[in-house]
Every structure is written in structure tokens, then in C-alpha cells.
1. Step by step: find N for the chain, compute 2.2 N^0.38 Å, then divide the Cα radius of gyration by it. What's the final number?
2. Treating the angle as unsigned and between 0 and 90°, give the value, to the nearest 10°, between the Cα long axis of helix 86-107 and the longest Cα principal axis of the chain.
3. Can you classify the stretch 181-272 as rounded, prolate or oblate using the Cα gyration tensor, where a ≥ b ≥ c are the square roots of its eigenvalues, rounded means a/c under 1.5, and otherwise it's prolate if a/b beats b/c and oblate if not?
4. Taking only Cα atoms, what is the 0 to 90° angle, nearest 10, from helix 239-248's long axis to the longest principal axis of the chain?
5. Which angle between 0 and 90 degrees, to the nearest 10, do you get for helix 127-138 versus the longest principal axis of the chain when only C-alpha atoms count?
6. Let me know the number of lysine pairs in the chain closer than 25 Å at the Cα, not counting same-chain pairs under 8 apart.
7. Which of these, D156, D67, D177, has the largest mean-square fluctuation under a Gaussian network model of the chain (Cα springs below 10 Å)?
8. For every other residue with a beta carbon closer than 14 angstrom to the beta carbon of R173, add +1 if it is Lys or Arg and -1 if Asp or Glu, then tell me the sum.
Amino acid sequence: WLPVAVLLALLLGVLTFHQVRYRQSLPGSLPAALRRRALRVRYQPIYDLASRRCVGAEALVRWRRADGKLLGPDHFIPMAESSGQIREITDYVLEQVLSQLGHFLGQNPDLYISINLAACDVAVPRIDELATRLLLQYRVNATQIAFEVTESGLADTQAAQGVLASLRARGHRVLIDDFGTGYSSLAYLQELPADVLKIDKSFVDALGHDAASSGVAPHIIRMAHELQLKVVAEGIEHEAQALFLAEQGAQCGQGWLFAKPLTARQFRHLVERQKA
Ligand code: C2E
Ligand code: CA
Ligand code: CA
Ligand code: CA
């Protein structure tokens with residue numbers, strides 16, 4: 001048994017070593033990835049649950065590795081957040097969104113794109129100025145660029161409130177992302193300068209295929225309405241979930257039932273098709 005145990009321990013050691021080295025190698029190569037424009041933006045359509053029309057999309061970043069594989073954000077966003085490199089990613093995504101879709105947004109004034117912000121993006125005023133400059137350059141209306149912040153992104157409440165208020169004053173919509181997974185109290189929510197509450201996928205999952213058990217989603221929707229916030233439900237995979245959430249008062253939703261994250265070109269085609 002002893003040799004087997006030693007062998008297993010060794011194997012485990014080698015595996016974790018590789019994993020750690022692989023992970024550590026990522027932050028270092030991020031600046032190079034940004035220079036090579038190896039980050040790609042995908043757009044997941046957001047639908048109006050009543051009319052079943054696409055009203056916008058969420059911009060989601062991917063990393064195209066040398067072997068052509070697309071690496072999901074969960075593999076590099078958390079590290080970029082702790083190293084501070086996330087700011088460059090945010091700027092890059094914002095620039096990509098406007099260069100890929102700026103013209104198209106100009107032709108479709110009812111459409112919006114929402115961009116994920118990290119905690120440090122809302123800790124100091126910065127993103128609002130970049131956004132204003134890009135909007136001017138591409139002649140896009142501020143109402144067509146929205147920003148998503150998570151509850152954990154609002155840890156420094158005072159500073160975040162200032163940045164969010166300034167974004168809203170400039171005409172941007174603010175969405176509270178992954179709602180219900182953090183620790184925000186009701187009182188605190190009330191203070192937030194926001195327009196939309198995004199119900200986290202875990203609460204939509206909890207509804208099951210047939211949305212037979214009601215769970216907490218209806219409570220979140222009711223609370224959002226009390227606070228005059230609109231609701232977007234994320235991670236909708238089944239028709240019954242879409243019907244149930246709409247019936248409960250959620251205005252919009254996104255998820256594989258409607259569409260997976262698309263390239264800019266695929267997204268434009270989808271919108272053009274629905275106009276026809
Ligand atoms: P998120 O903001 O909660 O984004 C939703 C995630 O759920 C996306 O994963 C999306 O592809 C996935 N999703 C949407 N609908 C469905 C569905 O019906 N079923 C399933 N199984 N999944 C669905 P993704 O693209 O891997 O993004 C993961 C997270 O990475 C995002 O979670 C967001 O927090 C972060 N992220 C992505 N792009 C950016 C970015 O540009 N900046 C920052 N700061 N974070 C980003
Ligand atoms: Ca999001
Ligand atoms: Ca989310
Ligand atoms: Ca989520």
C-alpha cells in the first residue's frame with residue numbers, strides 16, 4: 001500500500017503544481033493578450049419576456065488562447081480583479097463594444113448593450129469619462145450603454161454610489177447583477193442609484209424545468225417592483241421558467257432558451273431578422 005500511496009501523493013503534487021503554474025502564468029500574459037487583441041467580446045441577447053423581442057445584449061469577454069480555444073471569463077477575471085488588470089479589460093470591452101456595434105446602435109436607438117463592471121471600476125470615477133468620450137466618438141446615445149455591478153462590487157458603498165449616480169446622470173442605465181447572492185440588506189438596496197435588478201441564474205435554476213416550485217424568484221421580483229426597479233432574469237433555459245417569470249412580473253430575461261452568447265455579427269443578424 002505504501003508505494004501506491006506515495007505514488008498517488010506524488011501524482012497529486014505534480015498535478016497541483018501544474019495547475020498553480022498554469023494559473024500563475026495567466027496574469028503575466030494578460031497585457032500581451034490585450035496588445036494582441038486576443039480578448040474577444042460575445043453578446044448574449046436580452047429579451048422582453050412579453051413580446052419575445054430582443055431588446056439588447058450583455059457583453060461577455062473571452063480569451064482566445066494561442067491554440068484557438070476560447071477561455072471563459074471565470075478563468076481570468078477573478079485574477080485580473082486581484083491584480084488590478086481588470087481596469088484594462090473593462091476599457092477594452094467598452095472600446096470593443098463601441099467599435100463593433102457603435103454604428104449599429106446608432107441605427108437601432110431602442111437597443112442597449114450592458115457591460116460588466118468590477119469593484120475597482122466603481123471605486124473611483126474613471127469609467128464615466130471614458131464612456132462619454134467613446135459615445136461622442138461613435139455618436140451613440142448614453143441610454144444604449146448600460147453597466148452591471150454586483151453586490152460585492154459595492155463594498156465601498158459611498159464611492160460606488162457616487163460613480164453609479166454619475167453614470168446615471170449621464171444617461172446610462174445601472175443594473176445590479178447576480179442579485180441575491182451577496183449580502184445586501186433592503187435598506188442598502190434602497191440607497192442604490194440603480195434601474196434594474198438582475199435575478200441570478202441560481203434562482204432561475206431553482207424553479208426547475210417546469211417551474212412548479214416557486215422558490216424565492218417571485219419575492220425578489222416583488223421587492224424590485226417596490227423599489228421601482230425593472231427585472232431581468234438570467235440563465236433561463238426552459239420555456240416554463242420564462243412563462244412563470246413573466247407572469248410574476250419580470251420584464252426581461254436572457255438565457256439559452258433564447259440565445260447563447262453570439263459574435264457581434266451574429267447578434268446584428270439576429271436583430272435584423274426580427275425587424276424583417
Ligand atoms: P454573469 O455576469 O452572471 O454572466 C452570465 C453568465 O451566465 C455568462 O457566463 C453566460 O454565458 C452564462 N449564461 C447565460 N445564460 C445561460 C444559461 O441559460 N445557461 C447557462 N448554463 N449559462 C448561461 P460567462 O460568459 O462564462 O461569464 C461568467 C462571468 O464572468 C459573468 O457572470 C461575469 O461576472 C464575468 N464576466 C464576463 N465578462 C466580463 C467582463 O467583461 N468584465 C467583468 N468584470 N466580468 C465579466
Ligand atoms: Ca453580468
Ligand atoms: Ca449575472
Ligand atoms: Ca450570475
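1. Rg over 2.2 N^0.38 Å, computed on Cα atoms: 1.09.
2. 40 degrees
3. Cα axes put the stretch 181-272 in the oblate bin.
4. 50 degrees
5. Taking Cα atoms only, the helix is inclined about 70 degrees.
6. 8
7. Fluctuation is largest for D67.
8. Charge balance in the 14 Å sphere: -2.
The values are calculated or read from the model by the stated rules, or taken from the named source; none is laboratory data. This is a predicted model, so every value here is computed, not measured. Because the Cβ atoms are built from the backbone with ideal geometry, glycine has one as well, and the counts that use them run over all protein chains shown. Just the protein is used for accessible areas: all its heavy atoms, side chains included, with ligands, DNA and RNA removed. Shrake-Rupley method; radii C 1.70, N 1.55, O 1.52, S 1.80 Å.
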